[in-house]
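Okay, so here's the structure we're looking at.
We did not get these values from a lab; they are worked out from the coordinates using the rules stated. None of these values were measured; they are calculated from a predicted model. Neighbour counts are summed over all protein chains in view; Cβ atoms, including those assigned to glycine, are modelled from backbone coordinates with ideal geometry.
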Amino acid sequence: MPAFLDLLFPPKCAACGAPGWPLCGACVGEVGVLSAPWCDRCGRPWEEPMASCADCPPRSIDAARAPFLYAGPLARAIRGMKFSGWHAVGPHLAAGMAEVAGDILPADVVTWVPLSRRRRARRGFDQAEVLARATAARLGIPAAPLLVRVRDTRAQARVGGAERRRALRDAFATRKVAGKVTQRVLLVDDVLTTGATAAACASVLRRAGASSVVLLTAARSLGGPIPGRCVALTDRVEAQARTGSSESARVP
Ligand SMILES: [Zn+2]
Ligand SMILES: [Zn+2]
């Protein structure tokens with residue numbers, strides 16, 4: 001972007017709108033970074049290293065990683081990216097994704113969990129594709145659209161358990177042009193929650209012949225306990241002020 005455009009449209013924090021790009025200094029201080037020790041299979045941080053854990057995504061996904069905790073300003077930036085066209089945040093998130101991808105590589109091709117054609121048309125872009133292409137470029141691995149969403153299930157995000165799994169089972173298909181997928185696939189999405197959606201994609205890729213499917217997301221949503229080291233700095237300081245120095249809130 002030419003420098004004069006910065007004067008007309010100063011780059012603003014994607015989370016709070018204050019000056020600063022892609023996040024302002026205050027918001028950067030509130031980003032939770034996921035770090036080891038963690039579950040070797042899914043990268044969920046714990047107090048001790050382990051081979052697999054209760055929060056692991058379904059078995060059709062061989063391994064998973066995400067650089068950031070889905071909370072606070074980062075969650076706001078990702079929601080903003082989806083719904084108000086902040087797709088310029090994508091390459092910045094991809095830098096963090098490429099950092100942690102080493103643990104789950106090698107891969108021959110990068111692909112993504114696609115939006116339905118209707119949703120993509122309405123939004124103008126597919127946020128997972130933006131992340132996948134930017135990450136693939138950083139890793140030097142080709143990106144290819146291997147999947148199509150034949151049924152729109154994202155609107156039913158709140159439908160739980162078995163019903164959601166049933167709806168997801170038939171939601172994806174491989175693209176005709178993709179032919180037989182005989183490669184090790186790195187699957188990209190924006191956020192990992194239960195992994196049900198990504199697992200549905202991984203199953204389709206495996207049925208098409210993929211030899212392995214690993215999942216890389218920009219952020220991970222965690223329901224259970226989160227080690228203090230992965231909680232944003234400001235939260236840690238607040239937690240310490242509240243509880244003295246509890247194990248879960250201790251700054252290393
Ligand atoms: Zn901010
Ligand atoms: Zn795990």
Where Rh is the Kirkwood radius over Cα pairs, Rg/Rh for the stretch 62-221: 0.93
Segment Arg138-Phe83, extension gain: residue separation times 0.36 nm, minus the distance between their alpha carbons: 17.3 nm
Cα-only radius of gyration and Dmax that characterise the stretch 58-104, units Å: 12.4, 34
Leu131, Leu168 arranged by Cβ crowding within 10 Å, fewest neighbours leading: Leu168, Leu131
Other-chain or far-sequence residues with amide H under 5 Å of Phe172's (modelled H): Val150
Taking Leu139, Leu215 and counting other C-beta atoms within 10 Å, the order from fewest to most: Leu139, Leu215
